[in-house]
Amino acid sequence: MMNRRTIRGGWQAAVLGCILLVCAPLFAQVSSYGDKQEGQNVGDELPQVLQKVGIAQHLNQPLPLDAQFVDDTGKTVRLGDYFSKKPAVLSLVYYNCPMLCSEELDGLTSALMMVHLTPGKDFNIVVISIDPSETPQIAAKKKALYVKRYGRPETAAGWHFLTGERPAIDAVSKAVGFGYVRVPGPDGKLTQFAHASSIQIVTTNGKLAQYYLGVEYSPKDILLGLIEASGNKIGSPVANILTYCYHYDPERNKHSLIVARVVQLGGMVTVAWLGGFMFLMFRRDLRLSRDHDLTKKENG
């Protein structure tokens, strides 16, 4: 016959297993219907607006190096200022994005933390806002956030967060093959964008060398891409599986740019319930164990 300790250990292990299963989605990237779709779809699965959104991999395509932008200090710069000696990681986002752009920059920063190269010395990081209404002040705040997260403040000179006017933005996005469209925000105004997520490695002479799609990137791949781009070598196309910064509700036949975190919320509620359950069971076991010991003493 199993003793009380064996039984208690059994249900504790079972509860712990349940918690691990529930917690897994909390630390994974969660997306609801329409947040993620493959680049090629069978039938009419994508909302119409996303037909104009995607990434066309223009390997060996030169960037418009004469395109003018404003950096995070308010200085007017040319895109070509960040090339000629070092390769670069290029990211097209917008800084006030409520969804995927932050995840893209988070993923890039996390990957770069494990790449044994130094921004500013070995390569540059060039982030361009696709929203012409965003300002250098917004760019500066975003840069400060990610330099701090990177944990090496001495590399700040290698991080460049740019804003610009529509012609310059369009010139870069066209060269990259980065398709995006304006969409209404929660207030109904055209203040947000539907777009796919990717980063690009650019050679020292300003040509597109490699694409990495999604929001999580392999440090090994980025390191290899930067090393090859430093020698002006061009990589190969990657599988065109896209992550969209866009949420589509097929029942209401309209889009919503609010991040879907229902799964995570449900997981947190479940974890809280299991935590309370374990607390009560521990108290019950302690009380039964005390009563059992007292009974043994009385009988002895």
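Please work out which residue is modelled with the highest pLDDT, limiting yourself to region 182-221 and to residues that are under 24 Å from Pro136 (Cα atoms) and surrounded by fewer than 16 Cβ atoms within 10 Å (Cβ to Cβ). Applying the filter and picking the extreme gives Arg182. Would you confirm, using the coordinates I've provided, whether Thr155 is among the polar types (S, T, N, Q) and either touching an Asp or Glu at 6+ places or on another chain (Cβ under 8 Å) or under 24 Å from Thr203 (Cα atoms) (or both)? The answer is yes for Thr155. Please find, within region 168-181, the residue that is modelled with the highest pLDDT out of those that are hydrophobic (A, V, I, L, M, F, W, C) and part of a strand (DSSP E or B). That would be Phe178.
Surrounded by fewer than 19 Cβ atoms within 10 Å (Cβ to Cβ), hydroxyl-bearing (Ser, Thr, Tyr) and closer than 17 Å to Val126 by Cα: is that true of Thr163 in this structure?
On the way: surrounded by fewer than 19 Cβ atoms within 10 Å (Cβ to Cβ): no; hydroxyl-bearing (Ser, Thr, Tyr): yes; closer than 17 Å to Val126 by Cα: yes.
No; evaluated as a whole, the condition is false for this residue.
Quick one: how many residues across region 145-166 are in a helix (DSSP H, G or I) and touching a strand residue (DSSP E or B) at 6+ places or on another chain (Cβ under 9 Å)?
Initially, region 145-166 is screened for residues in a helix (DSSP H, G or I), giving 145-150, 153-158, 166.
Among the residues that remain, those that are also touching a strand residue (DSSP E or B) at 6+ places or on another chain (Cβ under 9 Å) are: 146-147, 150, 155-158.
Residues in region 145-166 being in a helix (DSSP H, G or I) and touching a strand residue (DSSP E or B) at 6+ places or on another chain (Cβ under 9 Å): 7 in total.
When the residues of region 144-158 are narrowed to those that are touching a residue at least 40 places away in the same chain (Cβ under 8 Å) and surrounded by fewer than 22 Cβ atoms within 10 Å (Cβ to Cβ), which ends up farthest from Leu63 (Cα to Cα)? The extreme case among them is Arg149. Of the residues contained in region 131-139, none is found to be in the same structural domain as Glu165 (by TED's automatic domain parsing), over 21 Å from Ile55 (Cβ atoms), surrounded by fewer than 18 Cβ atoms within 10 Å (Cβ to Cβ) and among the charged types (D, E, K, R).
Here is a check on your reading of the model: is Ser218 in contact (Cβ under 8 Å) with a residue 40 or more places away in the chain and touching a Cys at 6+ places or on another chain (Cβ under 8 Å)? Judged against the criteria, Ser218 is not a match.
Say whether the condition of being among the aromatic types (Phe, Trp, Tyr), assigned to a loop (DSSP other than H, G, I, E, B) and in contact with a Lys or Arg (Cβ under 9 Å, 6 or more places away or on another chain) is met by at least one residue in region 56-69. No, every residue in region 56-69 fails to be among the aromatic types (Phe, Trp, Tyr), assigned to a loop (DSSP other than H, G, I, E, B) and in contact with a Lys or Arg (Cβ under 9 Å, 6 or more places away or on another chain).
In region 79-102, which residue that is part of a strand (DSSP E or B) and in contact with a strand residue (DSSP E or B) (Cβ under 6 Å, 6 or more places away or on another chain) is surrounded by the fewest Cβ atoms within 10 Å (Cβ to Cβ)? Before you say what the answer is, go through the steps one by one.
First, the residues of region 79-102 that are part of a strand (DSSP E or B): 88-93.
Okay, now just the ones that are also in contact with a strand residue (DSSP E or B) (Cβ under 6 Å, 6 or more places away or on another chain), so 88-92.
Working: Ala88: 25, Val89: 27, Leu90: 25, Ser91: 18, Leu92: 24.
The qualifying residue surrounded by the fewest Cβ atoms within 10 Å (Cβ to Cβ) is Ser91.
The values are calculated or read from the model by the stated rules, or taken from the named source; none is laboratory data. Quick caveat: nothing in here was measured; it's all calculated off a predicted structure. Every residue, glycine among them, receives a Cβ derived from its backbone with ideal geometry; neighbour counts consider all protein chains shown.
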